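The values are calculated or read from the model by the stated rules, or taken from the named source; none is laboratory data. Note that the structure is a prediction, hence the values are computed from the model and not measured. Reconstructed Cβ throughout: ideal geometry from the backbone, glycine too, with neighbour counts over all protein chains shown.
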Amino acid sequence: MAAKSWRLLRQLPWYGLMLVAVFAIGLPLFWVATGSLKTTREIYTFPPVWLPQHPRWDNFSAAWHAAPFGRFYLNSIIVTLADTAAKLFFALTTAYALVFLNIRGRNLVFLFVLAALFVPVQVTLLPNYLTVGRLGWINTYFGLIVPMMPVAFGTFLFRQHFRTLSREVLDAAVIDGCGHWRLLWDVVLPMSRPVAVTVGLLALVGRWNDFLWPLVVTNTVEMRTLPVGITYLYQVEGVQNWGPIFAGTLFVMVPVLLVYIVAQRWIVSGITSGAVKG
Amino acid sequence: MARDVVQPAAVSGLHWRAMLTWMQQKLGDWPLFVLFAGPNLVLLAIFTYWPLLYNVYLSLTSWDLIAPVKPFVGLTNYRNLAASAEFRTVLLNTAIFALGTVGGTTILGLALALLLNLRLRGRTLARAIIFAPVLLSGAAISVFWINMLDPRFGLVALPLRWLGLPVPDWLNSPHWAMVAVILVYIWQNTGFSMVLYLAGLQNIPHELYEAARIDGAGAVASFRHVTLPQLGPTTLFVLVVSVINSFQAFDLIKVLTDGGPVNATTTLLFYIYQQGFVAFNAGRAAAASIVLFVLLLGLSLLQLRLGERRVHYGG
């Protein structure tokens, strides 16, 4: 017991530092969360009021009505889900073809996929806008979704994993008369669930938060996604009405935080396995 | 009668099957490969590679995004960029932003990883909280940081007043706007490098520490001679990824300062956006994009080269 408390005492400075770090990162989040329930007067007070005296839940409905958040949610959900599903599907099928189909020059094809990682999204911004314009997709879901569908990094992750799968299991499946399509979905995918979860989550979070492409490719309030929509709310309410603005930022952030709480392990392992954001 | 009708169908079915086997013998897995990988490859070609080529072409024109013809002007856009004082400011801003954000997130990320690698109670929760902002929308973060940075009632003013320091009008001051944007960026992204460093720390073989202890190394010595050198490759990786990410920062700058005041926070990417979509100067935007692309490509190749060398030395 004495040894234990001695250790705790010796570690006290480290605990102090940990507390400082958690405060530095966590306090702004606490500030938004409590701010969303404060009155304007409480927000405009210095030194600050830490907790709202009478939580104002009205801020949330005020925010919801000040900008078409229902539409923003719908758009964000459609775009995020469609792109995540497409990326998962394409990454799976492409990686499968690269590993399990015998064709000459597949390493060259892999190089073609891999080199796409070196082309930053920003370099493709203006030309893709023009392509989407020629297709008549400006301000449509197609314009929001399709240019973001191709997937290089996810393909790379799946390929890495597929190469580690046991050949015997796959050969047995082939002998059982399993075609490649069924092999992919019934044998290979179940053995690759962690990678699939990782690829899916990275796509999910990246698309949900994406700001630049939706800003460029849509031009009416009705087609905006949540991250662009929140800047509307800020413009509408100005600095006059911070309570609803705080509430509005929570509309954008809470869904991701919920996903994070459930799937923290997968997200972190995904990021450390390749460390490409977005 | 009925048989006569069925017969040709059966025959054509046979043909069909024969053709399939013939194709399979002749083409092997190719048709299947096209079916599986084709769509993704086509999309990559249209939305990743074609834009790159098209960008090179656009950078050689002076086009306003509207006129039916794109006048060819050769390297004029590049020459104009090289001569433009504004573009020099933009490059300087990009460098300052990269230096500040990469330096800040890397040093803090390493420090936090070392701290939270100790056996402290509650470290899992602390890690989770510190990483959380990485996943949040930059636009939403920027909106509430505008409030935090308000010089009259913002939270950031509080410690400054306690210390009796002057409180700058962060986002409206040409001197402080860049500092503020860098601070918000560091706040959001430190968790990212921390997580990478934690993974790096966990990959250090335990035997090395034991060997160091047997050799009589204390905590400090084993940190200097085992931990730090072993983190070399991780550091290289963190640095390169962080520089690339910082070059691609957009939403913070757009929402916090809109590139201002007076271009004080206009980085290369923001400049591309402005030239392309606000000033409708497609040629100049494209030329700046190519500059960004070359810079990023250089960095990535540098990482590959250095990474290779490390492997050689290690082996």
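Looking at the range B:18-28, is at least one residue surrounded by 12 or more Cβ atoms within 10 Å (Cβ to Cβ), aliphatic (A, V, I, L, M) and modelled with pLDDT of 90 or more?
At the first step, the residues of the range B:18-28 found to be surrounded by 12 or more Cβ atoms within 10 Å (Cβ to Cβ) are B:23-24, B:27-28.
Going one step further and asking which of them are aliphatic (A, V, I, L, M), we end up with B:23, B:27.
Next, only the ones that are modelled with pLDDT of 90 or more stay: none.
The answer is no, given that none of the residues of the range B:18-28 is surrounded by 12 or more Cβ atoms within 10 Å (Cβ to Cβ), aliphatic (A, V, I, L, M) and modelled with pLDDT of 90 or more.
Those residues that are of a type outside the set (Gly, Ala, Ser) and surrounded by 12 or more Cβ atoms within 10 Å (Cβ to Cβ), I need them from the range A:9-22; list them, please.
Residues satisfying the conditions are A:GLN11, A:TRP14, A:TYR15, A:LEU17, A:MET18, A:LEU19, A:VAL22.
Can you name every residue in the range A:235-263 that is more than 8 Å from every other protein chain (Cβ to nearest Cβ) and not aliphatic (A, V, I, L, M)?
A:GLN235, A:GLU237, A:GLY238, A:GLN240, A:ASN241, A:GLY243, A:PRO244, A:PHE251, A:PRO255
Any idea which of (1) crowded, with 22+ Cβ neighbours inside 10 Å; (2) more than 7 Å from chain A (Cβ to nearest Cβ); (3) β-branched (Val, Ile, Thr) is the one B:VAL179 doesn't satisfy?
Unmet condition: (1).
Examine the range A:209-222 for a residue that is of a type in the set (Phe, Trp, Tyr), outside any helix (DSSP H, G or I) and buried (at least 22 other Cβ atoms within 10 Å of the Cβ), and state whether such a residue exists.
Within the range A:209-222, one or more residues are of a type in the set (Phe, Trp, Tyr), outside any helix (DSSP H, G or I) and buried (at least 22 other Cβ atoms within 10 Å of the Cβ).
With the condition being at the interface with chain B (Cβ under 9 Å from one of its Cβ atoms), I'd like the helices (runs of 4 or more DSSP H) fully within the range A:43-140 carrying at least 3 qualifying residues.
Numbers: elements: A:58-66, A:69-100, A:106-115, A:125-134.
Ranges flagged: A:69-100, A:106-115, A:125-134.
Scan B:TRP145, B:TRP170 and give me the residue that is touching a residue at least 12 places away in the same chain (Cβ under 8 Å) and within 8 Å of chain A (Cβ to nearest Cβ). I'd like the intermediate steps shown before the answer.
Numbers: B:TRP170 fails: within 8 Å of chain A (Cβ to nearest Cβ).
Selected residue: B:TRP145, the only one of B:TRP145, B:TRP170 that is touching a residue at least 12 places away in the same chain (Cβ under 8 Å) and within 8 Å of chain A (Cβ to nearest Cβ).
Quick check on the range A:155-174: of everything there that is assigned to a helix (DSSP H, G or I), over 23 Å from the mean Cα position of the chain (by Cα) and touching a residue at least 40 places away in the same chain (Cβ under 8 Å), which residue is nearest to the other protein chains (Cβ to nearest Cβ)? Before the answer, list the steps.
If we filter the range A:155-174 for residues that are assigned to a helix (DSSP H, G or I), which is where we start, we get A:155-162, A:167-174.
Subsequent filtering for residues that are over 23 Å from the mean Cα position of the chain (by Cα) retains A:162, A:167-174.
Applying the additional criterion that residues be touching a residue at least 40 places away in the same chain (Cβ under 8 Å) yields A:162, A:170.
Numbers: A:PHE162: 12, A:LEU170: 14 Å.
Going through the qualifying residues, I end up with A:PHE162.
So how many residues does the range A:141-154 have that are facing another protein chain (nearest Cβ under 9 Å) and not β-branched (Val, Ile, Thr)? Write out each step before concluding.
Our first condition is that a residue be facing another protein chain (nearest Cβ under 9 Å); within the range A:141-154, this holds for A:146-152.
Adding the requirement that they be not β-branched (Val, Ile, Thr) leaves A:147-150, A:152.
Count: 5.
Residues that are at pLDDT below 90 and within 15 Å of the chain's Cα centre (by Cα), at least 3 per element: which helices (runs of 4 or more DSSP H) completely within the range B:164-256 meet that?
Details: elements: B:177-202, B:206-214, B:219-222, B:232-247, B:251-256.
Here the list reads B:232-247.
Being within 10 Å of another protein chain (Cβ to nearest Cβ), in a helix (DSSP H, G or I), among the aromatic types (Phe, Trp, Tyr) and farther than 28 Å from B:PRO174 by Cα is the requirement here; does B:PHE277 meet it?
Details: within 10 Å of another protein chain (Cβ to nearest Cβ): yes; in a helix (DSSP H, G or I): yes; among the aromatic types (Phe, Trp, Tyr): yes; farther than 28 Å from B:PRO174 by Cα: no.
Criteria not met by B:PHE277.
Give me the pairs, please: first residue somewhere in the range B:105-132 and more than 8 Å from chain A (Cβ to nearest Cβ), second residue anywhere and exposed (fewer than 15 other Cβ atoms within 10 Å of the Cβ) and assigned to a helix (DSSP H, G or I), beta-carbon distance under 8 Å, and either six or more positions apart or on two chains.
Within 8 Å, the pairs are B:ASN117/B:GLN202.
Among the listed residues A:ARG71, A:ARG56, identify the single one that is surrounded by fewer than 22 Cβ atoms within 10 Å (Cβ to Cβ), in contact with a Gly (Cβ under 7 Å, 6 or more places away or on another chain), in contact (Cβ under 8 Å) with a residue 24 or more places away in the chain and not acidic (Asp, Glu).
Of A:ARG71, A:ARG56, the one residue that is surrounded by fewer than 22 Cβ atoms within 10 Å (Cβ to Cβ), in contact with a Gly (Cβ under 7 Å, 6 or more places away or on another chain), in contact (Cβ under 8 Å) with a residue 24 or more places away in the chain and not acidic (Asp, Glu) is A:ARG56.
Can you name every residue in the range A:43-53 that is of a type outside the set (S, T, N, Q) and surrounded by fewer than 18 Cβ atoms within 10 Å (Cβ to Cβ)? Give the derivation first.
First, the residues of the range A:43-53 that are of a type outside the set (S, T, N, Q): A:43-44, A:46-52.
Across the range A:43-53, the qualifying residues are A:TYR44, A:PHE46, A:PRO47, A:PRO48, A:VAL49, A:TRP50, A:LEU51, A:PRO52.
For the range B:148-159, give me each residue that is more than 7 Å from chain A (Cβ to nearest Cβ) and in a loop (DSSP other than H, G, I, E, B).
Passing the criteria: B:LEU149, B:ASP150, B:PRO151, B:GLY154, B:VAL156.
Per-residue answers, yes or no, for (1) more than 23 Å from B:LEU304 (Cβ to Cβ); (2) polar (S, T, N, Q):
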residue: A:LEU111; (1), (2): no, no
residue: A:ALA115; (1), (2): no, no
residue: A:GLN122; (1), (2): no, yes
residue: A:TYR141; (1), (2): yes, no
residue: A:THR155; (1), (2): no, yes
residue: A:VAL169; (1), (2): yes, no
residue: A:ASP186; (1), (2): yes, no
residue: A:PRO190; (1), (2): yes, no
residue: A:PRO194; (1), (2): yes, no
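Of a type outside the set (Lys, Arg), free of Cβ contacts under 8 Å to residues at least 24 places away in the same chain and farther than 29 Å from B:PHE270 by Cβ: is that true of A:ILE103 in this structure?
Details: of a type outside the set (Lys, Arg): yes; free of Cβ contacts under 8 Å to residues at least 24 places away in the same chain: yes; farther than 29 Å from B:PHE270 by Cβ: yes.
Yes.
Here is a list of conditions, (1) among the polar types (S, T, N, Q); (2) surrounded by fewer than 12 Cβ atoms within 10 Å (Cβ to Cβ); (3) in contact with a Ser or Thr (Cβ under 6 Å, 6 or more places away or on another chain), and A:THR155 meets all of them except one; can you say which number that is?
(2)
Give the residue, chosen from B:ALA199, B:ALA140, that is facing another protein chain (nearest Cβ under 10 Å) and within 30 Å of A:ILE230 (Cα to Cα).
Details: B:ALA199 fails: within 30 Å of A:ILE230 (Cα to Cα).
Residue meeting the stated conditions: B:ALA140.
Just to verify a result, which residue in the range B:202-252, among those that are of a type in the set (S, T, N, Q) and within 14 Å of chain A (Cβ to nearest Cβ), is surrounded by the fewest Cβ atoms within 10 Å (Cβ to Cβ)? Give the steps one after another, and end with the answer.
Going residue by residue through the range B:202-252, those that are of a type in the set (S, T, N, Q) are B:202-203, B:222, B:227, B:230, B:234-235, B:242, B:245-246, B:248.
Remaining after also requiring within 14 Å of chain A (Cβ to nearest Cβ): B:202-203, B:234-235, B:242, B:245-246, B:248.
Details: B:GLN202: 10, B:ASN203: 12, B:THR234: 21, B:THR235: 17, B:SER242: 23, B:ASN245: 21, B:SER246: 21, B:GLN248: 18.
Among them, the one singled out is B:GLN202.
When the range A:23-42 is examined, which residues are found to be β-branched (Val, Ile, Thr), in a helix (DSSP H, G or I) and surrounded by 17 or more Cβ atoms within 10 Å (Cβ to Cβ)?
Initial filter on the range A:23-42 (β-branched (Val, Ile, Thr)): A:25, A:32, A:34, A:39-40.
Next, only the ones that are in a helix (DSSP H, G or I) stay: A:25, A:32, A:34, A:40.
Matches in the range A:23-42: A:ILE25, A:VAL32, A:THR34.
Has the range A:175-186 got at least one residue that is of a type in the set (A, V, I, L, M, F, W, C), farther than 20 Å from A:ALA97 by Cα and more than 11 Å from chain B (Cβ to nearest Cβ)? I'd like the intermediate steps shown before the answer.
Here is the first cut: in the range A:175-186, the residues of a type in the set (A, V, I, L, M, F, W, C) are A:175, A:178, A:181, A:183-185.
If we keep only those that are farther than 20 Å from A:ALA97 by Cα as well, we get none.
No, every residue in the range A:175-186 fails to be of a type in the set (A, V, I, L, M, F, W, C), farther than 20 Å from A:ALA97 by Cα and more than 11 Å from chain B (Cβ to nearest Cβ).
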